[in-house]
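See below for the structure under consideration.
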Amino acid sequence: MKFLLLATLATAALALPSDPLSARQKKTCTNPKLRKDWAKATNAEKKSYIDAVLCLATKPSRLKVPTHSTLYDDFAWVHAKLTDPQRIHAEPVFLPWHRYFVQVYEDALHSCGYTGAAMYWDWTADWAAPSKAAVWNPVLGFGGNGSDSADGNGPLKLRIADGPFRNLRPTYWNGDVDPHWLSRDWAPAYPGQPELIGNAYSPSIMEEVFSWTEYERFWPALESSPHGGLHAGVGGGRGDMGPTSSPNDPIFFLHHAMVDKLWWEWQRADRDNRINAYKGMRNDGQEASLEDMMPMLKLAPDAKVKDYIDTEGGALCYKY
Ligand SMILES: [Cu+2]
């Protein structure tokens, strides 16, 4: 009996995924990881996160399309391909798909030596002066805006002027091979509108988003103004956060961790009724279901919505 038990344990240990390509294990979540606010993380945590992001660009692509791209580029490629034709936005799967995507990214950072959880940018706290946010720090942050005088990109893309990611050279722009320097094109302030379209994620907008009690009302409200406004505010017309290849900008993942945190807060505000709340019309005209599959195009296995609906159950184990 004892031998049998040991043998079972040994088999279970062998089956654990050693590489991030394997399906995430479903197990009881007893000790959820805490995802932190970038502005409150320690310098050591920030440094380790930044180093791991840079490391992704030295790792071979899992997708090999095209052959000279890297693991860093895979995220932009998958997001671009799943956006044209549209499979991950403007339908209920927007929230769980991006939740899964951020988790796949966190797993990739772990393959680059990072041991912490994904981090988020709380833009609801910075809405009145978003350009002053801690995330744009040129040493322990993501660098700032693109600049006309920054060399190398031509007039259509604004290369960022400083920061640890200034020398990053993403492979894709939208779904096309178009190597360029990482770019940002912050929307300027004008009377009544803070820079980076701060009004799109102001307290009054957030109050409206959280006023919805049904999932099918909540997700579009969150996706449109706060989520979309931030993308447009940071990316502008000539920055990486604008096009379908927006995961090119590493701030994408702090932005989407924040979107995820807001969904998490909404779910927990009425856990019994909302933790499995998932409804609405899919882009193919069918009713959305927890059994729906989320495509990840071989960056990671396709996965069911129901395994990613609860951050402390199914295939996930984290909280905010
Ligand atoms: Cu997206």
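No lab work stands behind these numbers, since they all come straight from the coordinates. A quick note: this is a predicted structure, and the numbers were derived from the prediction, not measured. A quick note on method: Cβ atoms are made from the backbone with ideal geometry, for glycine too, and the neighbour counts reach across all protein chains shown.
Could you calculate, for the stretch 91-223, the ratio of the Cα radius of gyration to the Kirkwood radius, expressed as Rg to Rh? Present the calculation step by step, with values, prior to reporting the outcome.
Working: Rg = 17.3 Å, Rh = 17.4 Å.
Answer for the stretch 91-223: 1.00.
When a footprinting reagent is the concern and you count Cβ atoms within 10 Å, what order do R35, R268, R238 take, fewest first? Numbers along the way, then the final one.
Working: R35 21, R268 14, R238 18.
Listing R35, R268, R238 from fewest to most nearby Cβ atoms yields R268, R238, R35.
Between rounded, prolate and oblate, where does the stretch 30-319 land on the alpha carbon gyration tensor, with a ≥ b ≥ c its root eigenvalues, rounded for a/c under 1.5, else prolate if a/b exceeds b/c?
Values: a/c = 1.43, a/b = 1.24, b/c = 1.16.
Rounded, because the longest to shortest axis ratio a/c is under 1.5.
Can you give the net charge of the other residues whose Cβ lies under 9 Å from the Cβ of K33, counting K and R as +1 and D and E as -1? Don't skip to the end; give the middle numbers.
Details: positive: R35, K319; negative: E106.
Overall, the nearby charge balance is +1.
Just the ratio, please: alpha-carbon radius of gyration of the stretch 24-96 over 2.2 N^0.38 Å, N its number of residues. Can you show the working numbers first?
Working: Rg = 16.4 Å, N = 73, 2.2 N^0.38 = 11.2 Å.
Dividing the Cα radius of gyration by 2.2 N^0.38 Å gives 1.46.
Report the gain in length on full extension from N167 to K33: 0.36 nm times residue separation, minus Cα-Cα distance, nm rounded to one decimal. List each step's numbers first, then the result.
Working: separation 134, 0.36 × 134 = 48.24 nm, distance 3.14 nm.
My answer for the length gained is 45.1 nm.
Taking the dipole about the Cα centre of the stretch 30-319, with the C-beta of Lys and Arg at +1 and of Asp and Glu at -1, give me whichever of A57, N248, G233 is farthest to the positive side.
A57
Give me the one-decimal nm value for the distance between modelled label points at R282 and K26, 7 Å along each residue's Cα-to-Cβ direction.
1.8 nm
Find which of V93, P220, L168 sits farthest along the positive direction of the dipole of the stretch 30-319, computed with +1 on the beta-carbon of Lys and Arg, -1 on that of Asp and Glu, about the Cα centre.
Of the options given, the answer is L168.
Straight-line reach only, C-alpha to C-alpha below 18 angstrom: list the lysines that K298 could link to, leaving out same-chain residues fewer than 8 apart.
Correct list for K298: K59, K64, K81.
For the chain, with only Lys/Arg (+1) and Asp/Glu (-1) charged at the beta-carbon, what is the dipole magnitude about the Cα centre, in debye rounded to 20?
Numbers: 34 positive and 38 negative charges, 205 e Å.
Value, rounded to 20: 980 debye.
Give the residues of the stretch 298-320 whose amide nitrogen is closer than 16 Å to a point set 7 Å from the Cα of K59 in the direction of its Cβ.
So the set is 298-301.
Divide by every residue of the chain the summed helix terms, -39500 (n - 2.57) for each DSSP H run of at least 4, and state the resulting mean residue ellipticity at 222 nm, rounded to the nearest 500 deg cm²/dmol. The partial results should precede the final answer.
Numbers: 10 runs with 105 residues, N = 320.
The helix contribution divided over the chain gives -10000 deg cm²/dmol.
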